[in-house]
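Take a look at the structure below.
The values are calculated or read from the model by the stated rules, or taken from the named source; none is laboratory data. Predicted, not measured: the structure shown is a model, and the values here were computed from it. Neighbour counts run over all protein chains shown; Cβ positions are idealised from the backbone, glycine included.
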Amino acid sequence: MGCALSTDSRTAGSDYRHLSFWHETAPDDWTPRAGLPGDRDADVAIVGAGFTGLWTALYLARAEPSLRIAIVEAETAGFGASGRNGGWSSALIPSSLAKVAKRSSREGALALHQAMRASVDEVIRAGQEEGIDFHASKGGTITLARSRAQWTRARAEVEDARTWGLDEDDVRLLDAAEATDILAATRVRGATYTPDCSAIHPGRLVRGLADAVVRRGVDLYERTPATAIAPGRVVTANGILRAGHVIRATEGYTATLEGQRRQMVPVYSLVIATEPLPTEAWDQIGLRRRETFSDHRNLIIYGQRTADDRFVFGGRGAPYHFGSRIRPSYDRVPRVFDDLHETLVDLFPVVKGVEITHRWGGALGLARDWTASVGLDRGTGLGWAGGYVGDGVTTTNLAGRTLADLVLGRDTELTRLPWVGHRSRAWEPEPLRWLGINAGLRGMKWADHEEKLTGRPSRIARVVNRFIH
Ligand SMILES: Cc1cc2nc3c(=O)[nH]c(=O)nc-3n(C[C@H](O)[C@H](O)[C@H](O)COP(=O)(O)OP(=O)(O)OC[C@H]3O[C@@H](n4cnc5c(N)ncnc54)[C@H](O)[C@@H]3O)c2cc1C
């Protein structure tokens, strides 16, 4: 496939277990299924067996059991971001309500928001229906404010939500005492809290979904990288998969497909996990309902308390690589792991001295206009979903249900949501792409330094955010 998931990442089954904490602790040996055995025909061909591809296959197979559905996966199901993420199944999408409304309408933006809230429950419902135990706990998300600038941002977020008619059930402001009662971090001035998030074990969910679709008769061909996607066919080294509908579900890896180099860029997010902490430590820290957590800084961080009482804690800051290259070595950046560890200790001094047992990372997908989308071109039969940035765990479920409706030609509430059919413009050619993305990443880091010094919301962040939201 001329790419990235190239031979150096071709791994024996058991080696996939070293990709992340989730890979290691999913009850599965990750042995890839057989590859595409030669030319084949199907009704629907899906490229990529992450959450997008698997949810799409699952809802299609449920709705129309007679459909011949085939998935080709370059490595093994859950190899990509779906197996490696922070395990937040949230109602977030990478665009603000204002940005969605600008492209559609106020009603459209609110409908998408409500569909995302409902999808948080649907992930749990659908997973349970398939008998998947993925350690889900819907404790919501607490986003702390730990400086004057962060507190200003927290209040502004809640004020903005009220202008959209979103009430306390959606997002609310907590004072320092209320926030600390949920999560006792250092320097807490307050927080925002939303109930719309579950902490999950994504490795268990993605492998459970792969088993579920196979049980329902979907052909899942692993270690079968597609080199090109065209109307009616998926080209692989093993043979050609022909189908009336071809769905691209390759997210951060999309640039590795012929002719798609500037559709989506891979941006890296990195994660660490601690050893399990003793009960006394959690008595001090909190997160009793396994709330996911973050704070209102500019360079995103995200954390959860796992079912076995570890911290899983991640963040951005790893560089974008020239030419949208993806390499296994880019998953591990010691400087970023050190920063994450330092930040975790700064938040919770009690973890100083606690062992970091796992370090990993992965590529997420970013469209030029930072807008996630899903769609199907009726003329060509080509469909897609992606551009979720760091908010794909739940969004992929909504995308999968929407793609199923689109493929089946159904006009539903889902197919009328404003992200359906949206197309971002292409990314700039290099070196502009490299310069722009890395300047943005640096800018957010500087913005946090600036806020520490001045106590005021950063001007740099305002400039960068103008490009994003
Ligand atoms: C470190 C990290 C932390 C994150 N944390 C969160 C979080 O806490 N909450 C949240 O909502 N989102 C999070 N995200 C984002 C979220 O994980 C993704 O948006 C989501 O999993 C995307 O799913 P996907 O199926 O579209 O893509 P992927 O899971 O990346 O799946 C794409 C699949 O396509 C395969 N593939 C690629 N190229 C080809 C090809 N040519 N032929 C065949 N197969 C191919 C890959 O091997 C891969 O299995 C995080 C992402 C990362 C990397």
Based on what the data block shows, is residue 401 in a loop (DSSP other than H, G, I, E, B), farther than 30 Å from residue 282 by Cα and not small (Gly, Ala, Ser)?
-> no
Would you check which residues across the range 204-235 are polar (S, T, N, Q) and surrounded by fewer than 23 Cβ atoms within 10 Å (Cβ to Cβ) and list them?
-> 227
Are any residues in the range 385-413 free of Cβ contacts under 8 Å to residues at least 40 places away in the same chain and either in contact with a strand residue (DSSP E or B) (Cβ under 7 Å, 6 or more places away or on another chain) or near the ligand (Cβ under 6 Å from one of its atoms) (or both), and if so, which ones?
-> 402, 406
Name the one entry in 339, 391, 309 that is modelled with pLDDT of 95 or more, under 22 Å from residue 47 (Cα atoms) and acidic (Asp, Glu).
-> 391
Reported set for the range 2-18 where residues are under 18 Å from residue 256 (Cβ atoms) and either exposed (fewer than 12 other Cβ atoms within 10 Å of the Cβ) or modelled with pLDDT of 95 or more (or both) is 2, 7, 8
For residue 185, are the conditions met, namely being over 23 Å from the mean Cα position of the chain (by Cα), surrounded by 15 or more Cβ atoms within 10 Å (Cβ to Cβ) and modelled with pLDDT under 95?
-> no
Is it true that residue 302 is among the hydroxyl-bearing types (Ser, Thr, Tyr), modelled with pLDDT under 95 and within 30 Å of residue 48 (Cβ to Cβ)?
-> no
Evaluate the range 266-274: report whether one residue or more is in contact with an Asp or Glu (Cβ under 9 Å, 6 or more places away or on another chain) and surrounded by fewer than 16 Cβ atoms within 10 Å (Cβ to Cβ).
-> no
Failed condition for residue 366, given (1) more than 30 Å from residue 183 (Cβ to Cβ); (2) in contact with a strand residue (DSSP E or B) (Cβ under 7 Å, 6 or more places away or on another chain), with all others met?
-> (1)
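Results for (1) modelled with pLDDT under 95; (2) buried (at least 23 other Cβ atoms within 10 Å of the Cβ), shown as yes or no for each residue.
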| position | (1), (2) |
| --- | --- |
| 344 | no, no |
| 370 | yes, no |
| 378 | no, no |
| 381 | no, no |
| 407 | no, yes |
Here are some residues: 323, 361, 317. Which one is assigned to a strand (DSSP E or B) and either hydrophobic (A, V, I, L, M, F, W, C) or in contact (Cβ under 8 Å) with a residue 12 or more places away in the chain (or both)?
-> 361
Of all the residues that make up the range 234-243, how many are within 11 Å of the ligand (Cβ to nearest atom) and in a strand (DSSP E or B)?
-> 4
Considering only residues of the range 288-309 that are crowded, with 18+ Cβ neighbours inside 10 Å and among the charged types (D, E, K, R), which is farthest from residue 182 (Cα to Cα)?
-> 297
Could you tell me whether the range 259-271 includes any residue that is without any contact (Cβ under 8 Å) to a residue 40 or more places away in the chain, within 11 Å of the ligand (Cβ to nearest atom), part of a loop (DSSP other than H, G, I, E, B) and over 26 Å from residue 61 (Cβ atoms)?
-> yes
Which residues, taken from the range 93-128, are in contact with a Gly (Cβ under 8 Å, 6 or more places away or on another chain) and farther than 18 Å from residue 59 by Cβ?
-> 94, 100, 101, 110
Hey, residue 51 more than 16 Å from residue 226 (Cβ to Cβ), at pLDDT 95 or above and out of contact with any strand residue (DSSP E or B) (no Cβ under 9 Å at 6 or more places or on another chain) or not = yes
Can you list the strands (runs of 3 or more DSSP E) found entirely within the range 39-144 that contain at least 1 residues being surrounded by fewer than 24 Cβ atoms within 10 Å (Cβ to Cβ), within 14 Å of the ligand (Cβ to nearest atom) and not hydroxyl-bearing (Ser, Thr, Tyr)?
-> 69-72
Scan the range 199-215 and give yes if some residue there is closer than 30 Å to residue 64 by Cα, within 12 Å of the ligand (Cβ to nearest atom), out of contact with any Phe, Trp or Tyr (no Cβ under 9 Å at 6 or more places or on another chain) and not aliphatic (A, V, I, L, M), otherwise no.
-> no
Do we find a residue being in contact with an Asp or Glu (Cβ under 6 Å, 6 or more places away or on another chain) and not basic (Lys, Arg) anywhere in the range 229-238?
-> no
Residues 312, 336, 246: which one is surrounded by 20 or more Cβ atoms within 10 Å (Cβ to Cβ), outside any strand (DSSP E or B) and β-branched (Val, Ile, Thr)?
-> 336
